[in-house]
Amino acid sequence: MASRVIMHIDANSAYLSWEAVHRLQHGDSLDLRTVPSVVGGNPETRHGIVLTKSIPAKKFNIKTGETIWEAKAKCPELIIVPPNYSLYMQCSQAFGDVLSGYSPLVEQYSIDEYFVDFSSMHWIYPDPVAAAHSIKNRIRDELGFTVNVGVSSNKLLAKMGSEFQKPDKVHTLFTEEIMEKMWPLSVEELFMVGRATSKKLYDRRIRTIGELAGADPRWLELFLKSHGRLIWNYANGRDASLVRVNRHPVVKSMGNSTTTAFDVDNQREAYLVLLSLVETVAFRIRAAGYCCQLVSISIKDNDFLYRSHQRKLYDPTDCTNLIHRIACELFDELWRGKPLRHLGVSAADLCSNEFLQTSLFDEQNEQQRDVDKTIDSIRKRHGSLAVQRASFLHSGLKPMTGGTGEEAEYPMMSSVL
DNA sequence: TCTGGGGTCCTAGGACCC
DNA sequence: TCTGGGGTCCTAGGACCC
């Protein structure tokens, strides 16, 4: 088999770059990328973390995921802009459209990352590195933001390559370069080695990707189970996964969650928050033509203790009221009275709603489904606030919580490339 | 002045059936 | 009265990704 050519294209500081480009296009004179700045939430509503940072902000040691407050302490003149997800969806789309002009084999991996398979393109683009530069420059010149491109023979190595020096760079990481370019890096730089795994590895004197690659995989499996074998293969640059073109978004679950602006300490308020989450979740599963057969809720108390509870359903459903009723029952079984800062609802075990059995004596009757359908169509036409439940009036809560504004057209990344 | 929100996959333990 | 295994399903929690 001819060797494969895979590219991974990653937008540099995606949210922040897109925000910067958008502002420049709308007459702003300041380019956010040139000053210490972050895209982040609002601390007043307890959403205050850094989502993306500019490169000058990185020089102040500001990290993604830390609080706005910590970031400000490191850099008082830091500029903070709130996220605008529907803008990011559009940028992401435009990004993908450029890539589709190069190869039909394009896979969106997340909002700011794509894989492109160039294996069969060698007679159009005989030099993959030149093609990578062309992609990088075209996106920069036409869309106004920069990307990193990793070029290799599989997805894992291409992805690792795109992480090297940023921004606006092309890097290769072919098999013969692994030893020199990848093995000296610390283990936590390897895809799928996070905090917990890197601690276990460090405890056992494995600090670099090279040391992991040289370890005995059977020994790794003793304390990391199957994950040990996975990261050992990755450390050795082995990955046979394919660029999944036209992959039908086989979504496994749809959920929404929210950190409330204040602690929720009574059942009535909790039910209302759950309702606003279920409104969004149920709307999304109906819009995608699904029914769910598993409802789960999660809570986080004011000590950040996280717990969840779920229930399998006998009849699949996409009905707002029914899902909400189940969520409330699950809540009563789960909650032990501690004030809560976060609630979530998720619908899983999705199936098509095409042949949904309608039983006559439950909440899933024809009328109920018609009501949901009607409300959905009004919301699609006039926005999510066009119809809202009376229970939210004067509640201080949003009638629909969660979601990004637009439906994402791609599946979320999975742990296996 | 604390610490988001969207996902996927894996594991361990218990229930239940044969 | 006291004892098998194997298989599947369900649930809770944890790890990872962006």
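The values are calculated or read from the model by the stated rules, or taken from the named source; none is laboratory data. It should be emphasised that the depicted structure is a prediction, and the values quoted were computed from it without experimental measurement. Backbone-built Cβ (ideal geometry, glycine too); neighbour counts: all protein chains shown. These area figures cover heavy atoms from the full protein model, side chains too; ligands, DNA and RNA do not enter into them. Shrake-Rupley method; radii C 1.70, N 1.55, O 1.52, S 1.80 Å.
From the list A:LEU330, A:LEU305, A:LEU277, the lone residue that is open to solvent by 50 Å² or more (accessible area, probe 1.4 Å) and among the hydrophobic types (A, V, I, L, M, F, W, C) is A:LEU305. Output the residues belonging to the stretch A:148-168 that are in contact with a Gly (Cβ under 8 Å, 6 or more places away or on another chain) and either within 17 Å of A:ASP31 (Cβ to Cβ) or open to solvent by 50 Å² or more (accessible area, probe 1.4 Å) (or both). Residue satisfying the conditions is A:GLU163 alone. Across the stretch A:263-298, the qualifying residues are those that are within 16 Å of A:GLY396 (Cβ to Cβ) and not in a helix (DSSP H, G or I), and the one among them that is farthest from DNA strand C (Cβ to nearest atom) is A:ASN266.
Rundown of residues vs (1) within 19 Å of A:ARG244 (Cα to Cα); (2) surrounded by fewer than 20 Cβ atoms within 10 Å (Cβ to Cβ), yes/no style:
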{"position": "A:SER100", "(1), (2)": "yes, yes"}
{"position": "A:ASP112", "(1), (2)": "yes, no"}
{"position": "A:ASP127", "(1), (2)": "no, yes"}
{"position": "A:ILE135", "(1), (2)": "no, no"}
{"position": "A:ASP141", "(1), (2)": "no, yes"}
{"position": "A:THR146", "(1), (2)": "no, yes"}
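Of all residues in the stretch A:176-225, those being under 28 Å from A:SER3 (Cα atoms), open to solvent by less than 90 Å² (accessible area, probe 1.4 Å) and over 26 Å from the mean Cα position of the chain (by Cα) number 14.
Pairs linking a residue in the stretch A:331-356 that is farther than 13 Å from A:GLY289 by Cα to a residue that is away from DNA strand C (no atom under 16 Å from the Cβ) and in a loop (DSSP other than H, G, I, E, B), with Cβ atoms under 8 Å and 6 or more positions apart or on different chains, are A:LYS338/A:ASN302; A:PRO339/A:ASP265; A:PRO339/A:ASN302; A:LEU340/A:ASP265; A:LEU340/A:ASN302; A:ARG341/A:ARG46; A:ARG341/A:ASN302. In the set A:SER120, A:SER92, only one residue is open to solvent by less than 20 Å² (accessible area, probe 1.4 Å) and out of contact with any His (no Cβ under 6 Å at 6 or more places or on another chain); that residue is A:SER92.
The combined condition, being in contact with a strand residue (DSSP E or B) (Cβ under 6 Å, 6 or more places away or on another chain) and charged (D, E, K, R), is not fulfilled by A:ARG204. As a summary of the residue check, A:SER3 satisfies the conditions (1) touching a residue at least 24 places away in the same chain (Cβ under 8 Å); (2) within 16 Å of DNA strand B (Cβ to nearest atom) except for the one numbered (2).
Okay, residues lined up against (1) within 13 Å of DNA strand C (Cβ to nearest atom); (2) not in a helix (DSSP H, G or I):
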site: A:LYS300; (1), (2): yes, yes
site: A:SER308; (1), (2): yes, yes
site: A:ARG311; (1), (2): yes, yes
site: A:PRO316; (1), (2): yes, yes
site: A:LEU322; (1), (2): no, no
site: A:GLU329; (1), (2): yes, no
site: A:ASP332; (1), (2): yes, no
site: A:GLY337; (1), (2): no, yes
site: A:ARG341; (1), (2): no, yes
